[in-house]
Amino acid sequence: MVHDLRTDSSDYRTELLSPPPAGEELVVAIEPSWRLNMDRFHLPADHKHMDSHFEFGYLIRNLRKQRKLAGYYKRQEKLLKGYNEVDTFTELGVLPGILTEDGMEQLARSERVAIYASNVANLVLFLAKVYASVESKSLAVIASTLDSLLDLLSGFILWFTAYAMKNPNQYQYPIGKNRMQPVVSLVSSSKHIQLARQGIVVFASVMTTLGLQILFESGRELVIQAQPDRDPEKEKCMIGIMVSFTAVKYALMMYCRRFENDIVRAYAQDHFFDVITNSIGLANAVLAIKFYWWIDPMGTIIIALYTMGNWANTVMENVWSLIGRTAPAEYLAKLTYLIWNHHEEMKQIETYQKVKNKMRNLNMAALLFLMLIVSTVEAQPAVVFDVFKYGANGGANSVITKAFSSAFKEACASATPSKVLIPKGTFLLGELFLEGPCKAAVEIEVQGTLNALTDKPTASGNWVTFKGIDGFTLSGGGTFDGQGPKAWGACGGKFCKELPINLKFQSITNGLVKDITSKDSKQFHVSILGCNNLGFQHFTISAPAESINTDGIHISRSSNINITNSNIGTGDDCISMGPGSQQITITGVTCGPGHGISIGSLGKYQNEEPVVGIRVRGSTFTNTDNGVRIKTWPASFGGSVTDVIYEDIIMNNVNNPVIIDQVYCPSNECNAKLPSKVKISNVGFKNIRGTSATPVAVKLECSSGIPCQGVEVADIGLTYTGKEAPAALSVCSHVQPKISGKNSLPICGVSG
């Protein structure tokens with residue numbers, strides 16, 4: 001019995017690797033039926049000889065027709081070869097023969113040599129030609145010298161383009177200084193530098209004016225028969241200079257033509273036309289010396305017309321660039337072939353739009369992947385795993401711990417994106433540990449309210465843990481209620497170390513938490529540990545000011561964490577960043593009640609990882625015990641905090657709005673007489689305004705052992721709301737900050 005392989009699957013390679021049913025023969029299909037395949041298309045065996053094997057008389061009568069037919073077959077052969085290249089690239093991810101990284105670096109060095117050699121040669125040879133022009137008084141040589149003057153201009157702009165592109169700015173569009181490449185490019189013979197598409201007209205006007213001037217001067221000499229005085233010795237020197245110039249330019253042209261880089265190829269085009277114009281100028285000067293004087297102005301006219309013609313072509317090229325044109329039909333055919341074979345659910349291709357790139361040695365297949373494709377594709381919805389289907393029910397006392405865990409387990413095993421759904425309602429949830437890795441992205445959509453099952457400590461110290469998931473989303477507008485008041489009373493108003501954290505995110509990569517509320521956590525609301533690229537959007541934390549050690553979001557040993565447009569009110573730090581917090585961005589956060597946004601405390605433990613790249617911007621603090629703070633323990637282990645900016649902050653009745661505290665020692669648990677060993681550097685407090693509830697609005701108390709470095713304070717507008725002092729004050733120790741902008745209070749003794 002023959003078993004036909006299904007080819008309607010999007011993952012046909014999996015089917016090919018699967019064993020056939022017992023007793024059945026497997027017929028292997030190379031590709032699924034929805035894919036295009038060009039292997040069965042072949043050109044006639046003798047198509048390459050179609051333009052030559054006809055009799056002479058027949059060929060004469062049908063010459064045009066046969067040439068068109070031969071050209072058609074050549075294009076089709078090239079197109080089929082292009083399809084094979086696309087298939088090769090799709091299967092291997094790279095075309096055979098492409099350069100390695102070492103090869104690319106070696107090529108880059110050779111290209112730089114070509115550019116530098118061309119620039120030096122242009123300068124030296126231009127000076128030599130100026131001398132030859134003065135000594136020979138040949139109009140042809142003068143015309144060639146004017147052309148060389150533009151070599152220097154074009155060389156400088158091309159060099160600047162290559163230099164500027166080395167340092168891209170990813171915040172500008174088109175990307176960085178790559179925008180220089182399409183703007184500054186050599187487009188034709190006379191070193192036409194396109195400073196802008198419209199600016200090319202200015203260059204064309206200048207060159208045309210020079211060409212016309214030389215043309216008129218040559219015509220005037222012909223009419224009045226002006227024969228310049230010539231010195232045979234000086235003319236020999238001129239000939240030697242021009243011959244040397246042409247030889248050097250020819251060598252540079254051959255060297256630069258070896259490369260595919262656009263800028264180096266532009267230099268090669270420069271050198272080519274210099275060889276042409278200099279050869280004409282040299283030939284005319286020599287012939288004028290040996291035979292007839294009028295050959296020199298006639299040759300000058302030829303050079304002028306040639307240069308003006310090239311400029312006319314340049315203008316037309318730029319007109320076409322401004323108007324726009326479509327890609328060749330063969331190119332679009334290969335692009336369509338690639339897109340159509342990309343996925344079974346590709347239904348329609350509407351628009352092709354090319355984007356500029358700076359990669360060297362771009363081949364056709366690689367360039368196809370750099371196209372912006374606007375296409376119509378049927379979206380594949382996520383598979384939904386509803387906890388109701390796993391034993392949960394809608395009662396207020398329904399415990400859904402097992403159902404939640406079972407739904408997540410199946411969602412995590414799904415090969416396609418999946419969603420775990422907790423519908424609207426109120427449910428009880430015990431300790432929950434959800435761990436990856438998962439086969440595809442997973443979203444947990446919590447629409448209802450989840451109440452902690454018990455006030456007893458959990459085994460892990462966490463209520464809900466998400467661990468080891470790449471491509472994770474927590475959303476839905478729901479609430480995680482830790483039932484904190486039931487536990488806080490049992491601690492007698494003191495911190496209970498064994499109480500659980502509401503939400504722990506551990507080793508999450510590429511995650512997003514949005515439209516979720518954490519309420520009344522027994523301890524920290526959120527702990528982030530070992531995560532990368534995790535975002536919080538429209539996240540709400542709610543707990544009373546008297547709740548103990550209920551940090552809103554605590555981050556440690558994590559990078560690229562982004563917290564935006566969130567509202568945090570709790571009994572401890574709204575956001576705290578511990579050791580190993582790197583590249584943290586906090587924007588648009590409302591904090592209060594709470595203890596502000598803090599870095600630390602640091603230095604309590606040995607081998608703590610550095611804190612680097614913290615950005616807190618556009619946030620508001622209301623009735624908090626602290627504002628923006630960095631705190632380290634005295635008598636500490638070593639550590640560091642660097643590259644921190646607090647900027648555009650509003651303070652509303654805040655205690656200690658701006659504070660660096662390197663003698664942080666709560667409950668006298670340390671030896672405050674020994675200095676902190678945590679180094680703080682490159683910290684900025686900028687545009688912080690509002691009201692302070694304490695007389696000291698700015699407190700910079702750094703370590704006596706390792707003073708703070710690179711601290712900048714600018715545009716601080718804080719006023720004191722109490723009656724104990726007439727105005728807000730600042731206190732500074734072991735720091736010499738840079739003071740700038742307009743400050744409403746003296747900063748470290750410097751009035752603003």
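What follows is calculated from the coordinates using simple rules that are stated; it is not laboratory data. Because the structure is a prediction, the values reported are computed rather than measured. All Cβ positions, glycine included, derive from the backbone under ideal geometry; neighbour counts span all protein chains shown.
For the pairs Lys424/Lys514; Lys519/Lys699; Lys522/Lys673; Lys424/Lys519, note any where the Cα-Cα span goes beyond 28 Å.
Lys519/Lys699; Lys522/Lys673
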> Using 7 Å Cα-to-Cβ label points, what is the Leu305/Leu674 separation (nm, one decimal)?
Replying inline: 9.3 nm
> Taking other Cβ within 10 Å of each residue's Cβ, how do Ile660, Ile239 sort, fewest first?
Replying inline: Ile239, Ile660
>> Within a 10 angstrom radius of the beta carbon, how do His554, His538, His525, His595 rank from fewest other beta carbons to most?
In response: His538, His554, His595, His525
> How big is the range 624-717 by the Kirkwood estimate over distinct Cα pairs, in Å?
Replying inline: 13.7 Å
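What is the sum of charges around Leu450, taking Lys and Arg as +1, Asp and Glu as -1, for the other residues whose C-beta is under 13 Å from the C-beta of Leu450?
-2
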> In nm, to one decimal, how far is the Arg257 label point from the Gln537 one, both placed 7 Å along Cα→Cβ?
Replying inline: 5.5 nm
> For the residue pair Thr721 and Ala545, what label-to-label distance in nm results when each label sits 7 Å from Cα along the Cα-to-beta-carbon direction?
Replying inline: 1.0 nm
> In what order do Ser730, Ser640, Ser744 fall by count of nearby beta-carbon atoms within 10 Å, going from fewest to most?
Replying inline: Ser744, Ser640, Ser730
> How are the Cα pair distances of the range 393-487 distributed, in percent, across 10 Å bins from 0?
Replying inline: 16, 48, 30, 5, 0
